[in-house]
Amino acid sequence: MIDINIILNAVGEHLFLAYSALFISIILAIPLAILSLYNRYLASVLLVLANLVQAIPSFAVVAIVVPLLGIGFKPAIFAIILRIILPLFKNTFTGLKDVDFIYIDSARGIGLNKMEILRHIRFPHAFPAIFAGIKFSAVIANSVAILTSLIGAGGLGELIFEGLTNFNIPKVLTGAIPAMIIAILLDVSFSLIEKRISLEN
Amino acid sequence: MILNVWKTQQLGIKTIEHLSMVFIALLIIIFIGISIGIFLYNRRNLSDVVLNILNVIETIPELVLLVILMPFLGIGFRPTIVASILYSILPVARNTYVGLTQVDQQYLESARAMGLAEKEILWHVRIPLALPLIAAGVRIAIVFTMGVVTLGGLIAAGGLGGPIQTGIHLYDKNIIIITGLWIGILAVMVDSIGSWIEKRLNRRYGYD
Amino acid sequence: MTPSQKFFKKIDEIEIKNVSKKYGAIIAVNQVSLKIIGGELLILLGPSGCGKTTLLRMINRLVETDDGQILINGQDVKSFNPVLLRKNIGYVIQQIGLFPHMTVKENISLVPKLEGWTEKEMNQRVKELLELVSLPPEQFLNRKPKELSGGQQQRIGLARAMVMDSPLLLMDEPFGALDPILRKQLQEEFIRVKEKLQRTIIFVTHDIEEAFRLGDRVAILRGGQLIQVARKNELLVNPANDFIADIVDSNKKFRHLDNLTIKDTMLPLEKKYIFQADETAQSAIQKMIEEQIEFGIVLENHHYKGAIKLNQLYANQEKKLKEISSQVSTYNSTDSVATALDDMKKNNNFIGIVMEDEPIGILLSDELLSRLI
């Protein structure tokens, strides 16, 4: 009844989906945050958007992607990115922006240009915020990846949905329990990394 | 076309079902969450443990949480409400705890020196000053609950999740887009009410 | 609700017997013994870290002694319930700590409310107290702390500390965070209030001038130990050691009285104290609250017109400053200090303006005097 191979397969699909989305979102969010540092209009638009979109249930976001992009892997990744790119952006942006003016001023005084200030002062300061953003988004990516199975992206969600349609509770659990374990492992590993980083500092 | 979808999918009724579930869950969440925060505020060791456990529950995908309750609570309304509560207690409890413990020392010192007992300090100083933060936590809880209740539609709890599921099964673009957008609008409206409450409390009790 | 018991109607004596307090390896208070006479204002003076604040807070048990006893009228403070004890003792701190979410009235009447006083009783008491600290009640009853200047907040802090009519008042650097001129203004008012109140007051400060101006006796502490406690003149005549002789000596400028000019001893006039004759009182009030001051000099075309005080302005908000300013004596920067002091004493002024072509400084008589003693 419960085939380990199917489960492992599903886990693999799930992880791949979630983390590709995370990776792409990070690559997109960071440049956006940097651009927003110097363009107030962009910053305010994105911030308002971020707050708005966060309020919308993930399920609705996933569903809306279907009429626009169809079903399958690509729309699924798009849905996840939609969900996590804005919080990533917001955290990175705030981390880069909220550096004490004293430091920026003295850096300018020594003769650093904008790029150098960005690299040597803003980024180090922003690490904790960026890290928190990534942790937050990883959890959400994990959650949304489950939902995207509803639109044919495979993964653990598929097991859950199949189980639901057939009222097959055990089957549902074969999807749900691994998902839960992954989530807990995720949280634990992030906390460990967090401790490592703060120890080094 | 919108009206068509509205009627055939009974969006009116579904909206009411949806909002009622959110409302009921919220009442319970606020009550339990704030109580937990108050209970923990002067019990440091216990608070670390409890908040950590709640934190772990947070990382579990909402659907998974919902589904895992099924063997115990069946389908429909009950697991949906319980899942919403479990998921959304953390922001309220944590914000209450932080709000109560991080009141500026000078106010606590004045209160103690005036001859206020610990309980009186809790009610007249800590809680009022923590209200803005608690409101922020409740606002987050509202967003989470809206999400879980939407998912509840998948396990026959009623609410707006149902029509979306129908739309996906029938591959009917109209149903999906209209219901999806409606959920989005509803969510933003509810959140802005939450935001308004937060701002008002900040003005009255905030001290920046 | 049954009101709490009044533990002492009047303080006869407070005895601090061999009291010590340790924080890990640090000895904050080291076997201090001290007797406080009922009705006096005793200053606890010393550099930061000398234990004066810790000692103060052991009296109302915000900090508990490790060793030794504190007796009020012969009774050990530890024999009282700490919460009830504190309702019998008034306490004022430097940061003031007015609850930001309560109005002035609610702040002051919080304890009475918990004690079950009627609305009428509370209103009456709050009005009395506000008048005592020179704040017109109608204007201030319903304000929130953030609408008040530092000086006004401190006055309300004092009013709040006195609401239960406690015979003992503990004050921890209450004027420390204020503008220097404002500090003098408040010290001035405090002396007046002190006379009316007739309480026992224990006052912590690190400011020697403040100590000498306000205190009946001064207890000097260093490194957690009591070095000497005595009246002002005795400290001058019989300092216990070099440390004290230094503290006190540095103020003995009277030998140079004839040689010092006003310019040497005045407070330079900062921009924030300057107002224009055509400004309205309302705008002046705003600026004063922002700058946390309560005093100003009014100029008309760079010429000195008069001086203004914040409290006068409230009653005349629509008027222009030139109509409200009062005359204050002026002196030349080259005049001798002795002449200026004489003049101020004759006219009962405590403040004077120092002029060259335009106003350049402010003279405060008590400050001068205490600097010279």
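The values are calculated or read from the model by the stated rules, or taken from the named source; none is laboratory data. It should be emphasised that the depicted structure is a prediction, and the values quoted were computed from it without experimental measurement. Cβ: placed from backbone, ideal geometry, glycine included. Neighbour counts: every protein chain shown.
Specify which of the listed residues (A:Ala132, A:Ala176, A:Ala153) is more than 10 Å from chain B (Cβ to nearest Cβ) and crowded, with 22+ Cβ neighbours inside 10 Å. Talk me through it step by step, then tell me what you get.
On the way: A:Ala132 fails: crowded, with 22+ Cβ neighbours inside 10 Å; A:Ala176 fails: more than 10 Å from chain B (Cβ to nearest Cβ).
After ruling out the rest, the residue left standing is A:Ala153.
Of the residues B:Ile53, B:Ile68, B:Ile29, which single one is away from chain C (no Cβ under 14 Å), under 30 Å from B:Leu151 (Cα atoms), surrounded by fewer than 16 Cβ atoms within 10 Å (Cβ to Cβ) and of a type in the set (A, V, I, L, M)? Sole residue among the options that is away from chain C (no Cβ under 14 Å), under 30 Å from B:Leu151 (Cα atoms), surrounded by fewer than 16 Cβ atoms within 10 Å (Cβ to Cβ) and of a type in the set (A, V, I, L, M): B:Ile53.
Residues that are touching a strand residue (DSSP E or B) at 6+ places or on another chain (Cβ under 7 Å) and farther than 27 Å from C:Glu121 by Cα: list the strands (runs of 3 or more DSSP E) wholly contained in region C:3-92 that include at least 1 such residues. Those strands (runs of 3 or more DSSP E) span C:13-23, C:26-37, C:41-45, C:67-72. Condition check for C:Leu178 on (1) closer than 25 Å to C:Ile220 by Cα; (2) surrounded by fewer than 20 Cβ atoms within 10 Å (Cβ to Cβ): one failure, at (2). Residues in region B:121-174 that are assigned to a loop (DSSP other than H, G, I, E, B) and either surrounded by fewer than 24 Cβ atoms within 10 Å (Cβ to Cβ) or β-branched (Val, Ile, Thr) (or both): B:Ala156, B:Gly158, B:Tyr171, B:Asp172. Taken over region C:249-275, the criterion of being modelled with pLDDT of 75 or more, in a strand (DSSP E or B) and over 20 Å from C:Asn311 (Cβ atoms) is satisfied by C:Leu267, C:Pro268.
Against the criterion of being modelled with pLDDT of 80 or more and not aromatic (Phe, Trp, Tyr), C:Ser326 qualifies. Residues in region B:155-176: is at least one within 15 Å of A:Gln54 (Cβ to Cβ) and either more than 8 Å from chain A (Cβ to nearest Cβ) or among the acidic types (Asp, Glu) (or both)? No - not one qualifying residue is present in region B:155-176. Using the structure shown, decide if B:Thr166 is polar (S, T, N, Q) and modelled with pLDDT of 90 or more. Considered against the rule, which asks whether it is polar (S, T, N, Q) and modelled with pLDDT of 90 or more, B:Thr166 comes out as no.
Restricting region C:339-353 to residues that are assigned to a helix (DSSP H, G or I) and not basic (Lys, Arg) leaves a set whose member that is farthest from C:Ser326 (Cα to Cα) is C:Thr339.
Among residues of region B:109-132 that are over 11 Å from C:Val83 (Cβ atoms) and at the interface with chain C (Cβ under 7 Å from one of its Cβ atoms), those with a beta-carbon under 9 Å from a residue that is of a type in the set (Ser, Thr, Tyr) and in a loop (DSSP other than H, G, I, E, B) at least six positions away or on a different chain give the pairs B:Leu129/B:Tyr207.
Number of residues in region B:8-36 that are of a type in the set (A, V, I, L, M, F, W, C) and over 13 Å from B:Val138 (Cβ atoms): the value is 7. Cβ-Cβ distances below 6 Å connect the following pairs, each with a first residue in region B:190-203 that is more than 13 Å from chain A (Cβ to nearest Cβ), a second residue that is surrounded by 14 or more Cβ atoms within 10 Å (Cβ to Cβ) and in a helix (DSSP H, G or I), and a separation of six or more residues or different chains: B:Ile197/B:Ala135; B:Leu201/B:Leu131; B:Leu201/B:Pro132; B:Leu201/B:Ala135; B:Asn202/B:Pro132.
Just to be sure before I move on: is A:Ala145 at pLDDT 85 or above, in contact with a helix residue (DSSP H, G or I) (Cβ under 9 Å, 6 or more places away or on another chain) and under 15 Å from A:Ala29 (Cβ atoms) in the structure I sent? The answer is no for A:Ala145.
So that you can scan it fast, the table gives a plain yes or no per residue for (1) surrounded by fewer than 16 Cβ atoms within 10 Å (Cβ to Cβ); (2) free of Cβ contacts under 8 Å to residues at least 12 places away in the same chain:
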residue: C:Glu279; (1), (2): no, no
residue: C:Gln282; (1), (2): yes, no
residue: C:Gln286; (1), (2): yes, yes
residue: C:Ile297; (1), (2): no, no
residue: C:Tyr304; (1), (2): no, no
residue: C:Leu313; (1), (2): no, no
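For region A:55-72, give me each residue that is in a helix (DSSP H, G or I) and at the interface with another protein chain (Cβ under 7 Å from one of its Cβ atoms).
The first filter runs over region A:55-72 and keeps only residues in a helix (DSSP H, G or I), leaving A:58-69.
Answer for region A:55-72, where residues must be in a helix (DSSP H, G or I) and at the interface with another protein chain (Cβ under 7 Å from one of its Cβ atoms): A:Ser58, A:Phe59, A:Ala60, A:Ala63, A:Ile64, A:Val66, A:Pro67.
What's the total number of residues in region C:59-76 that are within 14 Å of another protein chain (Cβ to nearest Cβ) and crowded, with 20+ Cβ neighbours inside 10 Å? Full working, then the answer.
So the first thing to find is which residues in region C:59-76 are within 14 Å of another protein chain (Cβ to nearest Cβ), and the list is C:59-64.
From what is left, the residues that are crowded, with 20+ Cβ neighbours inside 10 Å are C:59-61.
Total meeting the criteria: 3.
On the stretch given as region B:177-189, residues that are facing another protein chain (nearest Cβ under 8 Å) and either modelled with pLDDT under 90 or farther than 22 Å from A:Leu49 by Cβ (or both) total 4.
Selection of helices (runs of 4 or more DSSP H) fully inside region A:95-182 by the criterion of at least 1 residues being of a type in the set (Phe, Trp, Tyr) and over 17 Å from the mean Cα position of the chain (by Cα) returns A:101-110, A:123-148, A:156-165.
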